[in-house]
Amino acid sequence: MMAEKIKHPFYEFEIIPSGCAVELLVNAMPCFQNYLKGGMAVDWPVNEYILKSGTQLFEINAFPYDGLGTIDQRATIAIKVFVRDALVENTPASARLQRVPYSVRNNKLSYLNI
């Protein structure tokens, strides 16, 4: 069975960082950042950063928290991109991209770009 095409796509990034500060850029435009310590999860709408149809580029930048020289060696970042129809109520979101958590794993990094 073929999936039905979404007429009015609404895109959201789910970002779950742990152990690092994080920034999200869509098409080279900063759209979300969190530099505060502590766990968090966010579903962030990104349609305003999509200027035309076609392939979109995104970057996740990770940084150490203030006062630390490197990113925590146990840090992880999980990413999912969801889309749903913006004009149809109660439309379930479907995952378009899902990355298992990226782990820093004992690397002494002062910056990470995914």
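How much accessible surface does T55 have with a 1.4 Å probe, in Å² rounded to 10?
T55 exposes around 130 Å² with every protein chain in place.
How compact and how long is the range 43-90, expressed as Rg and Dmax of its alpha-carbon atoms in Å?
Just the Cα atoms of the range 43-90 yield Rg and Dmax of 16.0, 47 Å.
Pull out a ≥ b ≥ c, the square roots of the eigenvalues of the alpha-carbon gyration tensor of the range 1-98, then state rounded if a/c is under 1.5, prolate if not and a/b is larger than b/c, and oblate in the remaining case.
prolate
Suppose R0 equals 30 Å. What FRET efficiency, 1/(1 + (r/R0)^6) with r the Cβ-Cβ distance, do M40 and K5 give to the nearest 0.05?
Taking R0 as 30 Å, the efficiency between M40 and K5 is 0.35.
Can you give me the distance in nm between label points at T70 and N113, each placed 7 Å from the Cα along the Cα-to-Cβ direction?
2.1 nm
What chymotrypsin sites (Phe, Trp or Tyr not before Pro) does the range 3-64 have in DSSP loop regions with at most 15 other beta carbons within 10 Å?
Sites meeting the loop and neighbour criteria: Y35.
The range 1-76: which GluC sites (Glu not before Pro) are DSSP loop and have at most 10 other beta-carbon atoms within 10 angstrom?
E4
The values are calculated or read from the model by the stated rules, or taken from the named source; none is laboratory data. Owing to the predicted nature of the structure, the values given are computational and were not obtained by experimental measurement. When we count neighbours, we look across all protein chains shown, and the Cβ atoms used for this are built from the backbone with ideal geometry, even at glycine. Surface areas here come from the heavy atoms of the whole protein model, side chains and all, with no ligands, DNA or RNA. Shrake-Rupley method; radii C 1.70, N 1.55, O 1.52, S 1.80 Å.
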